[in-house]
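Undergrad: Please find one structure pasted underneath; my questions will follow.
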Amino acid sequence: MIRLQRSIIHGIRAAKTAAELHYYLQNAVELEHATIPPYLTAMFSLKPGYNVEIRQLIHSIVMQEMLHMCIAGNILIAIGGHPQINKPPFIPKYPGPLPMSIGGDDFIVGIEPFSKELVFNTFMVIEEPEDPVPVETPKLAAEEEPDYATIGEFYDAIKKKIKELGDGIFIPATVPKQVLGWFSPERLFPITDVASALHAINIIIVEGEGTSTNPNQSPGNPAHYYKFGEIYYGRRIVSTPDGGYAYAGAEVPYDPAGVYPMVSNPQDYDYQDNTQAKVRVEAFAYSYSSLLNALHQAFNGEPKRIDTAIGLMYDLKVQAVSLMETPVAPGSEKTAGPSYRYVNTQGGMDTSD
């Protein structure tokens, strides 16, 4: 089971004011974002026309991670905080640990092309619930260490602290500054009080983990951990006659030939100067940084900038596929991959760190 330092939970419990919660909600924003680049890269590495169901499953997870990032950002705004998004420290160093050392310092998340091993060893570890529903398949969870807590406990601690601090921590004037409209109003709504904040956090928990008795976030729609399980085991999750669950439904087909041979964990030094790969990877980093700029502006007083961010997301998809069709070096069988790093976008293309 994925873990985080229990001191994080102690810090949330010790908070006496809304301002003391800002740090932890900023970390929630960073955590929800941190999973998106690895998931997106795996999805982009699936060639058009191949592995369609796998692509659809990963896409649904990515969209919900974006929703969860919005929810965490809106709660932070609602209690007087200012999400910091367009700064280099906002982006994890891939390969490296997740924010708050989620999973422990030895749990390393990279930028890799799709493989079932990646799904099992990384994505399912990230998404594993605090109390997984028993499913007829080998378990991944290791015995929990007492010095660590789970992501579920992290969000539960935030819920309890918000309830303890009460409605007085919510600032009505922040509602126009919150990012709304990207998703349906049933899932992305104004955070105005304790009740709306708790409801929003529950959306994050249920979509990511399901419940302790049901792997589905809604009928026929498994939570993230179980969607990745469907990909890994190659079967849809279904209920069994004894009231349990099993990966024994319709096939989720996988064709390894339908994956671009992208280099794993691409770094700047992988690309020779003045090559097509170098130019394209720099362009991707520029577009990604522009996306973070637009998101930062959207969450800091210009919520309509979310429309710009959405447009940039589509640009990233086109650029990522172009990269994965480009040899990492002339004559190489491996292809280039995206660079998730923040660069200075002022005054045009600038690839300095």
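Computed from the coordinates by the stated procedures, all read-outs in this text should not be read as laboratory data. Just so it is clear, the model here is predicted, and its values are computed rather than measured. Cβ sites come from the backbone with ideal geometry, for glycine too, and all protein chains shown count toward neighbours.
Undergrad: Rank N274, P303, S287 by how far each Cα sits towards the positive end of the charge dipole of segment 226-341 (+1 on Lys, Arg Cβ; -1 on Asp, Glu Cβ) and give me just the farthest.
TA: Value: P303.
Undergrad: Continuing with the same structure: Suppose every K and R has +1 on its Cβ and every D and E has -1 on its Cβ; what is the size of the dipole of segment 23-93 about the Cα centre, in Debye to the nearest 20?
TA: Here the size comes out at about 200 debye.
Undergrad: Let me make sure I get this right: for the chain, a, b and c are the square roots of the gyration tensor eigenvalues over alpha carbons, sorted descending. Under 1.5 in a/c it's rounded, otherwise prolate if a/b > b/c, else oblate. Which is it?
TA: oblate
Undergrad: Between beta-carbons, use under 12 Å as the cut-off and find the net charge around Y39, counting Lys and Arg +1, Asp and Glu -1.
TA: After counting each charged neighbour, the total is -2.
Undergrad: Using the Karplus equation 6.51 cos²θ - 1.76 cosθ + 1.60 (θ = phi - 60°), what ³J(HN,Hα) coupling, rounded to whole Hz, does each residue of segment 114-119 give in order, writing x for Gly and Pro?
TA: Couplings: 4, 7, 5, 5, 4, 4 Hz.
Undergrad: When a/c is below 1.5 the answer is rounded, else prolate if a/b is larger than b/c, else oblate, so apply that to segment 233-353 with a ≥ b ≥ c taken from the square roots of the Cα gyration tensor eigenvalues.
TA: Taking the square roots of the gyration eigenvalues as a ≥ b ≥ c, segment 233-353 is oblate.
Undergrad: Check the straight Cα-Cα distances from K163 and name the lysines below 17 Å, setting aside those fewer than 8 residues away within the same chain.
TA: Result set, ordered by chain and number: K16.
Undergrad: Can you compute the charge dipole magnitude of segment 4-258 about its Cα centre, using +1 on each Lys and Arg Cβ and -1 on each Asp and Glu Cβ, nothing else charged? Give it in debye, rounded to the nearest 20.
TA: 780
Undergrad: Most fluctuating residue of S184, S289, S45 in a GNM of the chain with Cα springs under 10 Å: which is it?
TA: Greatest mean-square fluctuation among the candidates belongs to S184.
Undergrad: Over segment 232-307, what is the relative contact order in percent, taking alpha-carbon pairs closer than 8 angstrom and at least six residues apart? Write down the numbers at each step before the final one.
TA: Values: 44 pairs, mean separation 11.2, N = 76.
Across segment 232-307, relative contact order equals 15 percent.
Undergrad: How high is the relative contact order of the chain, in percent, counting Cα pairs under 8 Å that sit 6 or more residues apart? It would help to have the intermediate numbers written out before the result.
TA: Working: 590 pairs, mean separation 78.3, N = 353.
About 22 percent, as a whole number.
Undergrad: Taking loop as defined by DSSP and a crowding limit of 15 other beta carbons within 10 Å, which trypsin sites (Lys or Arg not before Pro) in segment 1-84 fit?
TA: Sites meeting the loop and neighbour criteria: K16.
Undergrad: Looking at F228, L31, N74, which one has the Cα that reaches farthest to the positive end of the dipole of the chain (charges on Cβ: Lys, Arg +1; Asp, Glu -1)?
TA: N74
Undergrad: Also: Percent relative contact order of segment 27-124, based on C-alpha pairs within less than 8 angstrom and at least six residues apart?
TA: 38
Undergrad: Helix-only mean residue ellipticity at 222 nm, the chain, DSSP H runs n ≥ 4 weighted -39,500 (n - 2.57), per residue, nearest 500. What is it?
TA: For the chain, the value works out to -13500 deg cm²/dmol.
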